[in-house]
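One structure is given below, encoded as structure tokens.
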Amino acid sequence: MQYAIELYYDPATEQNLFQLAERVAEEKLSRKFLEWKTRPHLTLACFNDVDEQACMARLKAFAKTRKTIPAKIDSVGMFNDTKAIFVSPVMNEGMYRFQRELHACLSGFDTTGWEWYCPDRWVPHCTLALTKEDGGDAFYRASELILREFRKISGTFVSVGLVKITFPVQEIGVAELEG
């Protein structure tokens, strides 16, 4: 089984981002992101297999020692090969350090094949549309819609969660960051 560690936004920011994903579906461009039933998030790490209880225990201990993180979301991007459309936060050394320290905390779990989520290779992004299966010009039309409707968002990262990468995504547990 495959797992991911996700960094979650405060409820208002999450709702703002979710509304953009809903707009893509309302315009009948793509529903795939909504079908995954995942929350807007940044993926911090992916693993091929974990002991769920041990991972959650480590994740909770890690979260207790970390403060919430400002999230200033300023840009829209795309992965052309997967036809994913996303927004990205303004990154700083603190966020990169957070991700590196999380990986150190969870060392021992198998990241083989997930190198792009490892420190020094991470492309932090919050997916809003997955259009690869939609064909036609859905990717371009969804990109245009998000570019037109996106407004900069200032919020906060407030928690981290462990999810099982299934369809739909299964949330195993969430750990709140210290305020």
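HIS125 meets the stated requirement of being in contact with a strand residue (DSSP E or B) (Cβ under 7 Å, 6 or more places away or on another chain), at pLDDT 95 or above and either under 30 Å from ARG23 (Cα atoms) or of a type in the set (Asp, Glu) (or both). Of the listed requirements (1) closer than 20 Å to ASP137 by Cβ; (2) buried (at least 21 other Cβ atoms within 10 Å of the Cβ); (3) touching a Phe, Trp or Tyr at 6+ places or on another chain (Cβ under 6 Å), GLY77 misses just one: (2).
Could you please find all residues in segment 28-50 being out of contact with any helix residue (DSSP H, G or I) (no Cβ under 7 Å at 6 or more places or on another chain), buried (at least 19 other Cβ atoms within 10 Å of the Cβ) and either hydrophobic (A, V, I, L, M, F, W, C) or part of a loop (DSSP other than H, G, I, E, B) (or both)? Quick ask: steps written out before the conclusion?
Kept after step one, since they are out of contact with any helix residue (DSSP H, G or I) (no Cβ under 7 Å at 6 or more places or on another chain), are these residues of segment 28-50: 28, 35-38, 41-42, 47-50.
From what's left, buried (at least 19 other Cβ atoms within 10 Å of the Cβ): 38, 41-42, 47, 50.
Within segment 28-50, THR38, LEU42, PHE47, VAL50 qualify.
Does segment 53-67 include one or more residues that are surrounded by fewer than 17 Cβ atoms within 10 Å (Cβ to Cβ), part of a strand (DSSP E or B) and in contact (Cβ under 8 Å) with a residue 12 or more places away in the chain? Looking for residues that are surrounded by fewer than 17 Cβ atoms within 10 Å (Cβ to Cβ), part of a strand (DSSP E or B) and in contact (Cβ under 8 Å) with a residue 12 or more places away in the chain, one finds at least one in segment 53-67, hence yes.
Could you tell me whether PHE157 is under 13 Å from the mean Cα position of the chain (by Cα), of a type in the set (Phe, Trp, Tyr) and more than 18 Å from ASP81 (Cβ to Cβ)? Outline the logic, then answer.
Working: under 13 Å from the mean Cα position of the chain (by Cα): yes; of a type in the set (Phe, Trp, Tyr): yes; more than 18 Å from ASP81 (Cβ to Cβ): yes.
Answer is yes for this residue.
Being touching a residue at least 60 places away in the same chain (Cβ under 8 Å) and either surrounded by fewer than 20 Cβ atoms within 10 Å (Cβ to Cβ) or touching a strand residue (DSSP E or B) at 6+ places or on another chain (Cβ under 8 Å) (or both): is that true of LYS72 here? Judged against the criteria, LYS72 is a match. Pairs are defined by a Cβ separation below 8 Å, a sequence spacing of at least 6 or placement on different chains, a first member in segment 6-27 that is without any contact (Cβ under 8 Å) to a residue 40 or more places away in the chain and over 18 Å from GLU176 (Cβ atoms), and a second member that is part of a helix (DSSP H, G or I) and aliphatic (A, V, I, L, M); the pairs so defined are GLU22/LEU34; ALA25/LEU34. Got at least one residue in segment 83-95 being surrounded by fewer than 12 Cβ atoms within 10 Å (Cβ to Cβ) and β-branched (Val, Ile, Thr)? For segment 83-95, residues surrounded by fewer than 12 Cβ atoms within 10 Å (Cβ to Cβ) and β-branched (Val, Ile, Thr): absent. A count restricted to segment 158-175 and to residues that are within 12 Å of LEU7 (Cβ to Cβ) and not aliphatic (A, V, I, L, M) stands at 2. For segment 96-118, the set of residues classified as surrounded by 14 or more Cβ atoms within 10 Å (Cβ to Cβ) and out of contact with any strand residue (DSSP E or B) (no Cβ under 9 Å at 6 or more places or on another chain) consists of TYR96, ARG100, GLU101, CYS105, listed by residue number. Taken together, LYS83, LYS132, LYS60 contain a single residue that is within 21 Å of PRO11 (Cα to Cα) and modelled with pLDDT of 95 or more, which is LYS60.
Need at least 3 residues that are closer than 24 Å to MET56 by Cα per element, so show me which strands (runs of 3 or more DSSP E) inside segment 96-179 make the cut, counting only ones lying wholly within it. Full working, then the answer.
Working: elements: 126-130, 153-164, 170-176.
Where strands (runs of 3 or more DSSP E) fall fully within segment 96-179 and carry at least 3 residues being closer than 24 Å to MET56 by Cα, they are 153-164, 170-176.
No other residue among ALA12, ALA4, ALA25 is loosely packed, with under 13 Cβ neighbours inside 10 Å and either within 24 Å of LEU147 (Cβ to Cβ) or out of contact with any Gly (no Cβ under 7 Å at 6 or more places or on another chain) (or both) apart from ALA12.
The values are calculated or read from the model by the stated rules, or taken from the named source; none is laboratory data. Every value quoted in this text rests on a predicted model; they were computed, and no experiment measured them. Because the Cβ atoms are built from the backbone with ideal geometry, glycine has one as well, and the counts that use them run over all protein chains shown.
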